[in-house]
Every structure is written in C-alpha cells, then in structure tokens.
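One structure is given here, and the rest of the page talks about it.
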Amino acid sequence: MDAITTPRELLDRLATHGDAPALLVVCGDRLETTTFQEIVEQARRLASGLRDAGIETGEFVALYGPNRPEWVIARFAIAAAGAIAVAVDDMLPESEIVPFLRDSGSKHLFTTEANAAALRQDFDPTQMSFHLLDRDDETPLGRGWRAMLADRPGELPEIARDAPAMVVYTSGTTGAPKSFLLTYANLANNVNAIAAAKLIGPDDRALLPLPLDNVYPYVVGLLTPLVAGAAVVFPEEITGPAVVHALGLSKATAMVGVPRLYAAMVAGIRTRVAARGRLPARIFDSLLTLSIWLQRRFGIRVGRRLFGALHRQIDPDLRVLACGGARLEPSLVWSLEGLGWEVRGGYGLAEVGSVFSANFPGQKLIGSEGKPIHDGQIRIDQPDAEGIGEIQLRGTSVFAGYRNNPDANALAFTEDGWFRTGDLGLLDAEGYLYITGRAKEMIVLGGGKNVFPEELEKLYATSPYVTEIALLERSGDLVGLIVPDLAAVKESGYRRIEDALRVSLAELSRPLPGFQRLSGFAIARAPLPRTRLGKYRRFLLPELYEAAQAGTPPRATAELSPEDRVLLTNPLAEQLLQLFKERYPGKPVGLDASPQLDLGIDSLEWVGLTLELEQRFGVTLTDEDIADLGCLRDVVALALRKADQGAKPAPKPTVELDPTTWLRPTGPLLVALGRALHGFNWLLMRTLFRLRREGQAALPAEGACLLVANHVSDLDPLALAAALPPQLRHRVYWGGDAVRLFGGPLAASLGRALHVFPVDERAPAASLAGAAEVLRRGQALAWFPESWRSPDGELQRFFPGVGRLVSDFEGSVVPVFIDGTFAAMPRWQRLPRLRPLRVVFGEPTASSDLATTDDPEAITEALRERLAALIQASRGQP
C-alpha cells in the first residue's frame, strides 16, 4: 500500500474505494450509509466553495459538532482547501469553546444549529460565519453547509507534507488556552504505519464511539480505517445499550475505544453472568482462567470457542479492540484476550499525532506499550537502578512545539531536540516500552483526558468553604484533598461539612466539562504539604488522601422528606438504590448523592451502568436523560417513569419469606444434621484458621439475644458460629441471602438444620419480620447490619433495620468483632487463605438501654459506635 501524506493524496486514496460504504450511522434499527465516492465528491466541492468564499491557505477554520458524515466531509474539505482545522469537543460548554475560537482567529465555523444559537451572542456575523452541519437551508443563525458546495470541484492548492494540518488545544480553564500544531507529516506517519500493519482492511467495519475532535479517534478511529478501505460506524449515542446495539446492527469487526470503555464492557459481562447464579459465575471464571493460561503458555487462542454464545450475543463479527488515550492495564488486556478478542494498544500523546509505539502483529507483548512505529526513537533519560526514567521521543510524529509559548517549549524539549513526555518508563532488552508513572504534574485520567491541576485548584478554591484544595488522580478519576474553612461552614447553616463542600463544588463545576469535575473528595485536618516556594508536594498527596478518606467516612443517607418516603415505597426504587450501593461500595449512596461528585460516575462509566440498568430493570437512559440527572433522586424518579411506560416488572423474592415457615421446630434428623455441621465447622475453624475467641464468658446463657457483628468476608458467619459456646450456638438463628443461599429444596433443608432463614433486601419488611420473630420467641439472632461485605475491611454504615430490631424486643445486645477474615478471604477472593482468626465479644447491653429514642437511625448509630469502640479497643487503638 502506497503511503499518503497530503489532503490530495488522501482524497485520491479514498476515491479508489468507489461506492463501497465509508460511514455508517446508526439511526434506530437502520444504518444510514455514506460511500467513499460521496465523501470525496462533496469534500472536493466544499473545498472549492471554501476557496471561492475567500478562505486562504493557512487560515484557521473551526469545527464544533458531534460525529456525523457532514463533520467528516467538512474536515476533509478544510484540509483540501489548504486551511487549518480547529476541531473542538462538542461536549464542552460555551465558556470553554469561546476562548479556543477567539485564540484561533477562525472566521468560519462548521457547527450545529443548537451550538450556533449558544455562540451567537459571543460572535456576530461580521466576526464569524456559521455553516450548519444539520441544515441545508438558510437560517437566521447561518447557512446550511451544502450552500457552500461549488457546482463542481475546482483546482485546489498543493499542500506541502510539512504544512500544518490542525490545531490541538489543551484543557484550559481560567487561563489562556495552550495549543500546538500538527502537520500532515505528523498525522501521516501514524496513519501509514498502522495501515501497513494490516490490522484492518476493506472487509472490516470499525465502530467509533469517541469524539472526532480528539487526535486519537480522528487518526486511529477515522483516517486509518478509511485509508484501508474499511467502513467507520458511528453509534447513535455513547451509552452502553447504544454501543452494544451499534455493534450488533453494523456487524462491526473492530472497535476503537479507551480503557474505561473496555473496563465497563468486561464489568457488564461479569454482571450478566453473576445474575445467573454462583455456579455459572464459577464456570465462567474457570473457562476464562483456562483460556488465558492456554494463550500465555502455548499461544493457543480458544476464547472465541469457549465464549461463543457471548460473541453471538454481542457481535459475532467483532474481532479487534483498539485502545488508546490512556494506559490499558495488563489484567484487563488478558481478560479481553481470554474472552476471544484481539487487543491492540500502544503509547502516544496528542503531541505525537496519537501513536508512537504499538503492539503490532509479530511484535506484541501484553503488559508493554510495544515498539516505536516507523522512524520513531525512544530513550530513557537518567534511568535509575531499575532502568526507570523519563521517556523522551524523537521522530517524524513529534510536533514542533507549542504555539506562542517559548516557556512551555523550553520545558518540553531537551537541548538536543528530544521531546520530554513527562512520563516515566523503561525499555527492555528487546526494545519494548513499559510505562511506570508520570513525572509531570499534569494528571491523566482513565478516559485519556489531561488535567492541569493548578488551574482547577484556583477555581475550586474560590468556594467559601475551602481553605486549601489539591487535586489528584485516584483509580482513573479526578478527586480533591480539601482543608475546609470550618467557621464558614458553621455560619452557612449546613449541619455537615461534606454537604457544604459537595454543594459548593458542584455549583462551581457546572460550566466545566465532565472530566474536570471532581468524582470525590476527602477532608484533611492539617495544612497540605508545600515546598518553601509554596508549591504542593504532590507525591505526598495520595497517601494523605487515603488516610483522610478513611478517617471521614461519608454518610449514605440524609433525613427523608415526605416526598422521598413516598418515592421509596416503590420496590423498584429500593432496588435501584441497592444497585448503586453494590456498584459503588464505600460511596455515599442516597437520594441526594451526585452521580459525578459523590459516586465518581463519568461519561464512560455511564456506558456500563446504563447497560446494567437496561438488562436488570428494562430501563433505558439516553444521552439527554443522563445530561439532566443532578442526583440519584432524579435517576430513581426517571427510572420509575420509564418503568411505568413499559419496563420489565421488578423481580420478586425467589423464596417464601414468611418467618413461621422457617422458625417452626425441626425434627431429630435435621437437629442431628445441624449439630454435625456445626461440629465440622468448629473443627475446621480451630485447626485450619487457628480461631481464638475473647469475651465469651459474659454471653447470656438464655433469653433473647442480638449479636451484632462487622461484615468483611463470607467466612464471618463460620467464624462467629465456631466461637459461640455450645448452649448459645444451638439456639442462634442467622439471616441468609435469599438469592445466594436458598436455591432449591436441599438448600432449604440445610437452612432449617442450621437455623438460617432467608432475608431479601428487595423485601426488607418481610426480612425484618423474620428477625423480629426470632427475638420475640426468646432466641438468639446473629445479625450483620452492614448487609454487604466491606470493600476495605473497615466498618461501614449500618442499615437502620437493626435499630428497629433493638427497639422492638427485650433482651441483650452484644457487639461482636470478627478479626482476620478480611485477610483470609476478602469479598473479591474466591478461595480462602489460611490466616489466624479471632472473634471478640463485647459486653452485653440491655436493649432498653440502647432504645432511648424512637428514631431507628439514632439507635443504629449508637450501636455502630459501640461496635466501633470494641474494634478500636481490640486493635489497641486509643
């Protein structure tokens, strides 16, 4: 395949593909097709029209709109006319767009009618002409783009390979935008190298769910497939269901995405498997482990056969997953490879035209970023003993420097001309590149977006409740470490510091693009560490953030209004909130919680979440829906409205929850079975896990007794049962998950033998009724008020049901600390490790001494404080 460089060469290459489909746009259940010939003809005519309108070689022309064929035609026409494209993110607010457009000096803008309406107050017709991509006719805001088409293509200028092709803007906020130029040679170096690797060909269709204004989607997702003769597919929306729908409808063979998109894809697959039960989930994990092992050990790829049903369901033709924009974790690569897809990734930046090193056929090493493409060179500056240093680059792909910014250029290039990436990494003996971290202060988020923290810190520090704030990245998200102004919070009338900060920061972030909004924050009690010159010592921030986050756990709920109480009477509302609790453990899930600020849900996370909402509840959220959601209350209310319009009914409990069914006396056979199983468990815990117990002498021998324990592992009930004295062990009852533990008649019989009765969070009233009946009969009850296992081993918020139990019975309440089970078997581990366990029983307290108020939440909090005090004392903490 001959190399291409200039716009004329590009259009000539595209013309060779004739009437083959070039662009496929999903519109409901059909595909709208634009052929290569149509793109070429209209781009040439539009380029001639631009020249006729007086646009000169080297002039800046802007593009501000969503992915659509008209955008592509305009982009190619701008290049063919000799102008320089200024493409800006269609999702950015007006406040972000205006500085870019003013800085570029563009006099022509290709955009949509809605965007034109928003910008008209900033640019009058004498300053900028609007050409509407979604209109053909003349409007008060501007002319339809077709009005610019010349009757026939005319003579177009010759463009040199080193001529500037596009302007790229960094993510400015309060200061002047920072920008640079990429030449046709920069772009062509990427396109030609990737095309030569023959990852994609004329028979392929590449799904592109990323915005074309970004260098990576434009070069890798659009130019490269089109040059190879493949069709590019635009989904109708960038949500989970829309992406899956586009894959199946278009029969795409490749997809161009970012790490967060593929992580959501794998998470969605696992969620669907887990919903089918524990046995299918274990089979799935075993097959995936086998597939990965065969590929790593022998190079045998069996994923497509082992998971054929999955491929048929998603898209049987999907073969290649291209990834860029941020580092793709090796574990995620292996999961995707094990499932049967071929993953292609590499390393690059916008300053090098997108890709600089890649894992191409014949030189693929999972875990690395591959080898340099074409004439690229990589060196590691001042490597340490492990070979790690700053990654520096040289080659045709590298840009010439930042526009009108000599200070930035002095920092960006070495004296001998190498580009300083600011990334840390190493090269192995065979020349494969590995990324280990970042040297620059610039933060790279999980979706590939760059954030310059100082600018944003100045903005967020304008909050009256913030004394200091430093930004950092945690798990791919942007978070803040905040020293609050306690006096200002007190005067504001807010009862909680977190509430004041959450509301204030959300208001300040409204004009910002999503990736610049905080996904969470932690509150620091001391001034943040700085150098003598006043700069933050950023390498200390991650540890301080984790410590601050652990010390100030957020509350998950606030006092409910009468309207909220009515809202939550709908079973689907409870199930939706439970879904968020499961997906975002440790986050403050409640009706007032902000999906972005409190839960860290960004645009790519919505892909997996909307897919799960549709699969589990039949509720489909569109891009417009998501844009209007301010808090979880909005999510719940919208889902209920959509459910009333025809969603699947909420699932019903799978087992009978009537307590009399499970608490009736057992016969001698079940009694013997229960005692035998308890005996075996006691032996197992004492021998393999070296179980120790403390405080058991104070346990009440008779009467109603509520044992309240922390919950970090599936081993907790086993350890607690083995630690109980025999006379208490044989009369204690346990609540067991109705879905996980009661799958059939045998499970039901075992449940009765072991005094386990079903609880179902979808039917909390019936579940609490069973627990209350145990206590009313004067028996003992073991209860885990956190409901789900802690993700970090620390005590979580208690569900208020335990407060109702305490207020409704007379007897003893005993806090119980189960220690060591988190190290032995945390929630993500399938098999336990043999670690010593310990169960500590606190001093019994009369239920009447705890039930000093009618507020179940207050009783719940008092009980949690007692257990927290027991845990601290048992750990030797003050």
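FYI, it's all coordinate maths here, none of it is from the lab. Source: prediction; values computed, not measured. Every residue, glycine as well, gets a Cβ built from its backbone with ideal geometry; the counts of neighbours run over all protein chains shown.
The Cβ shell under 11 Å around T57 holds other residues with a net charge of -2, Lys and Arg each +1, Asp and Glu each -1. From Cα pairs below 8 angstrom and at least 6 apart in sequence, can you work out the relative contact order of the chain, rounded to a whole percent? Relative contact order, the chain: 8 percent. Annotation: the residues L247, L768, sorted from fewest to most other C-beta atoms within 10 Å of their own C-beta, follow the order L768, L247.
Helix 571-583 versus the longest principal axis of the chain: what is the Cα-based angle in degrees, 0 to 90, to the nearest 10? Helix 571-583 sits at roughly 70 degrees to that axis.
Neighbour counts of C-beta atoms inside 10 Å place E70, E543, E498 in the sequence E543, E498, E70, starting with the fewest. Ranked by how many other Cβ atoms sit within 10 Å of their own Cβ, fewest first, the residues T253, T111 fall in the order T253, T111.
Just want to confirm a number: the relative contact order over the range 258-438, from Cα pairs under 8 angstrom separated by 6+ residues, in percent. Numbers along the way, then the final one.
Working: 281 pairs, mean separation 26.3, N = 181.
Over the range 258-438, the number comes to 15 percent.
Find out how many positive minus negative residues lie around P202, taking Lys and Arg as positive, Asp and Glu as negative, among other residues whose Cβ is under 14 Å from that of P202.
On the way: positive: R13, K198, R205; negative: D19, D203, D204.
It works out to a net charge of 0.
Extending 7 Å from the Cα toward the beta-carbon at both Q727 and F680 defines two label points whose distance is 2.8 nm. For the pair L279 and L746 in one chain, pulling the backbone fully straight at 0.36 nm per residue adds 166.6 nm over the alpha carbon distance. The angle between the Cα long axis of helix 94-104 and the longest principal axis of the Cα atoms of the chain comes to about 30 degrees, rounded to the nearest 10.
Is the range 443-551 best put as rounded, prolate or oblate by its Cα gyration tensor, with a ≥ b ≥ c the root eigenvalues, rounded for a/c under 1.5, and otherwise prolate when a/b is larger than b/c, oblate when not? Let's see the in-between values first.
Working: a/c = 1.58, a/b = 1.20, b/c = 1.31.
It comes out oblate by the Cα gyration axes.
Please give me the summed charge of the neighbours of G803: other residues whose Cβ is under 11 Å from its Cβ, Lys and Arg +1, Asp and Glu -1.
Working: positive: R804, R864; negative: D808, D854, D855, E857, E861.
Computed value for this residue: -3.
Under the definition of Cα pairs under 8 Å and six or more residues apart, what whole-number percent is the relative contact order of the range 659-874?
Values: 394 pairs, mean separation 63.1, N = 216.
Relative contact order, the range 659-874: 29 percent.
Each of Q363 and A429 was given a label point 7 Å from its Cα along the Cα-to-Cβ line. The distance between the two points is 1.8 nm. Within the chain, DSSP assigns beta bridges of which about 50% are antiparallel (rounded to the nearest 5).
Taking only the Cα atoms of the chain, the radius of gyration and Dmax are 30.6, 99 Å.
Mean residue ellipticity at 222 nm, helices only, the chain: -11000 deg cm²/dmol; runs of at least 4 DSSP H residues each add -39,500 (n - 2.57), and the sum is divided by the number of residues. Between A147 and R692, the modelled label-to-label distance comes to 8.4 nm, taking each label 7 Å out from Cα in the direction of the beta carbon. For the chain, the longest principal axis of the C-alpha atoms and the axis of helix 668-688 are separated by about 60°. Our note on the geometry: Cα centres of the range 234-251 and the range 7-37, 18 Å apart.
Where in the range 703-720 does the label zone of A869 land, with the point 7 angstrom along Cα→C-beta and an amide N cut-off under 16 Å? Taking a point 7 Å out along Cα→Cβ of A869, the residues of the range 703-720 whose backbone N falls under 16 Å are 708. In debye, nearest 20: dipole of the chain around its Cα centre with unit charges on the Cβ of K, R (+) and D, E (-)? Approximately 3560 debye in magnitude.
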